[in-house]
Amino acid sequence: MAQQSKELDPEVKSFAGEKLRFRDHFSTLLLSGDWKMTLLEVALLGSLSAAAKCLPGDRVNVVGSMTLKEVAALLWTKAAVARLYNAYCEAIFFSFPQYRIQPPQEHALKESKDLCGRDKRQLEIIHFHDRLTLLSQFFFNVGLYYALPGFYPATAGATDAPHLLERGLKLVANHYVLSFGMYWMHRALHVVPWLWDHIHSYHHWAKHPLSRNTYQDHWLDNLMNAIVGHGFAQVLVPLDRHTFWFSQLFRIFESLEKHSGVSCYFNCAHSLQRWLPYAQMPHHHDWHHEGHKSCNYTFSALGGLWDCIFGTRKGGRALELRPEHITRHDVAQGKKPGRSRSIMDKPLFCLMPVVSLGVLVAVRLRNNRGTVQEYPLM
């Protein structure tokens with residue numbers, strides 16, 4: 001998705017009024033705050049669609065994978081869904097101030113900073129990395145299609161289609177593998193000084209996140225998340241075609257929501273996953289962005305199990321929110337003091353789980369001769 005960071009005038013010094021018209025709530029991400037980058041995205045996706053339609057199938061399609069035409073359709077859909085759901089999240093933020101995680105004064109524009117706490121220089125840097133993110137993500141996605149046959153699963157025959165229960169179990173397993181990899185990658189980005197100083201700190205310039213901040217990172221941050229997240233998970237726990245589509249779109253919903261600045265039943269993805277053990281809501285990740293204890297809490301991408309197991313769960317402002325929108329684990333945790341440092345907070349040890357997961361991926365690909373192959377659970 002093309003990311004635009006100049007939709008806010010960093011020179012404005014007053015907080016947006018609460019009585020805006022509904023159509024004014026939408027971030028310019030809906031149609032783009034940077035037309036040049038949007039045109040670039042349209043050109044990239046359009047060229048992919050044109051190649052899929054005009055060139056012979058035996059030249060552009062990969063055996064064992066969905067067609068290139070469907071890959072293009074998936075990327076178009078992800079771009080559209082990200083824009084539309086971002087607009088929805090920001091409309092909720094401005095329409096229902098009672099559901100905001102941080103009080104209005106926290107978002108008040110000070111000096112030359114935007115609503116999210118970033119100054120003009122930081123916005124310019126993020127804007128540059130938005131463009132690199134667009135290019136790197138496009139070539140990474142297309143490169144995966146040709147480098148790993150089966151990564152984008154082909155349509156299964158009527159007799160080969162997995163049972164609904166099997167699809168559900170694989171989806172949960174896939175997402176926990178995804179979350180495990182992203183948990184340790186995210187934690188390493190905070191623990192390893194070089195990774196924090198030169199890469200991940202860019203994302204944390206936004207102390208008061210809105211959904212538009214979701215992919216506004218250093219381009220390498222986004223690329224590493226794509227590799228360790230969906231990349232590793234699809235190799236280790238392959239999903240069938242329909243579940244793969246659902247997973248890709250669900251992750252967009254979940255990612256935008258946890259940066260949305262609101263924690264309530266309007267968060268569709270988080271409401272759906274509340275039944276998972278130790279599930280988290282957007283207010284957990286919002287606390288992570290506020291910068292407490294060097295942001296050393298709430299690293300999970302989905303669910304919240306790994307934060308609980310590895311001792312990094314924190315309720316944040318949960319007890320300041322409406323009772324119906326906090327989890328039972330927030331109530332149980334209350335306002336317990338912060339965690340103590342462990343051996344996993346040392347840079348070398350923190351990277352070991354990510355490296356180990358990468359080794360498992362390499363072994364599996366070697367055993368499958370460089371292809372991604374589904375295997376039945378039932």
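Of all residues in the stretch 59-74, those that are within 17 Å of Leu239 (Cα to Cα) have Cβ atoms under 8 Å from Cβ atoms of residues that are open to solvent by 50 Å² or more (accessible area, probe 1.4 Å), 6 or more apart or on another chain, in Met66/Thr155; Met66/Arg241; Thr67/Asn61; Leu74/Trp245. Among the residues of the stretch 96-135, just one is surrounded by fewer than 22 Cβ atoms within 10 Å (Cβ to Cβ), modelled with pLDDT of 85 or more and not in a helix (DSSP H, G or I), namely Phe96.
Yes or no, residue by residue, for (1) in contact (Cβ under 8 Å) with a residue 40 or more places away in the chain; (2) open to solvent by less than 30 Å² (accessible area, probe 1.4 Å):
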| position | (1), (2) |
| --- | --- |
| Ser255 | yes, yes |
| His270 | no, yes |
| Thr298 | no, yes |
| Gly304 | no, yes |
| Cys308 | no, no |
| Thr312 | yes, yes |
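Looking only at residues that are polar (S, T, N, Q) and touching a Ser or Thr at 6+ places or on another chain (Cβ under 7 Å) in the stretch 191-235, which one is modelled with the highest pLDDT? The extreme case among them is Asn222.
The criterion of being in contact with a Lys or Arg (Cβ under 8 Å, 6 or more places away or on another chain), part of a loop (DSSP other than H, G, I, E, B), modelled with pLDDT of 90 or more and not β-branched (Val, Ile, Thr) holds for Leu239.
Restricting the first member to the stretch 234-245 and to residues that are touching a residue at least 40 places away in the same chain (Cβ under 8 Å) and aromatic (Phe, Trp, Tyr), and the second to residues that are assigned to a helix (DSSP H, G or I) and open to solvent by less than 10 Å² (accessible area, probe 1.4 Å), the beta-carbon pairs closer than 7 Å and six or more apart or on different chains are Trp245/Leu74. Only a single criterion out of (1) closer than 23 Å to Gly231 by Cβ; (2) open to solvent by 80 Å² or more (accessible area, probe 1.4 Å); (3) modelled with pLDDT under 80 is not satisfied by Leu319, namely (1). Of the candidates Asp197, Asp217, the single residue that is of a type outside the set (A, V, I, L, M, F, W, C) and part of a helix (DSSP H, G or I) is Asp197. Kindly evaluate Glu70 against the criterion of being modelled with pLDDT of 95 or more, surrounded by 14 or more Cβ atoms within 10 Å (Cβ to Cβ) and acidic (Asp, Glu). So Glu70 passes the test. Considered as a group, the residues in the stretch 272-296 that are in a helix (DSSP H, G or I) and among the hydrophobic types (A, V, I, L, M, F, W, C) include one that is least open to solvent (accessible area, probe 1.4 Å), and that residue is Cys295.
Here the condition is being over 26 Å from Gly168 (Cα atoms) and either modelled with pLDDT of 75 or more or more than 18 Å from the chain's Cα centre (by Cα) (or both); of Tyr278, Tyr297, it holds for Tyr297 alone. Screening Lys207 against (1) in a helix (DSSP H, G or I); (2) open to solvent by 30 Å² or more (accessible area, probe 1.4 Å); (3) not β-branched (Val, Ile, Thr) leaves a single unmet condition, (1). Kindly indicate whether any position in the stretch 354-362 is among the hydroxyl-bearing types (Ser, Thr, Tyr), surrounded by fewer than 17 Cβ atoms within 10 Å (Cβ to Cβ), at pLDDT below 75 and out of contact with any strand residue (DSSP E or B) (no Cβ under 7 Å at 6 or more places or on another chain). Scanning the stretch 354-362 turns up no residue that is among the hydroxyl-bearing types (Ser, Thr, Tyr), surrounded by fewer than 17 Cβ atoms within 10 Å (Cβ to Cβ), at pLDDT below 75 and out of contact with any strand residue (DSSP E or B) (no Cβ under 7 Å at 6 or more places or on another chain). Would you mention how many residues in the stretch 63-94 are among the β-branched types (Val, Ile, Thr) and under 22 Å from Leu135 (Cα atoms)? Total satisfying the criteria: 4. Every condition in (1) at pLDDT below 85; (2) polar (S, T, N, Q); (3) open to solvent by less than 20 Å² (accessible area, probe 1.4 Å) holds for Thr28 except the one numbered (3).
The values are calculated or read from the model by the stated rules, or taken from the named source; none is laboratory data. Note that this is a predicted model, so its numbers are computed, not measured. Note that we place each Cβ from the backbone using ideal geometry, even for glycine, and neighbour counts take in every protein chain shown. Note: accessible area is taken over every heavy atom of the protein model, side chains too, but ligands, DNA and RNA are not part of it. Shrake-Rupley method; radii C 1.70, N 1.55, O 1.52, S 1.80 Å.
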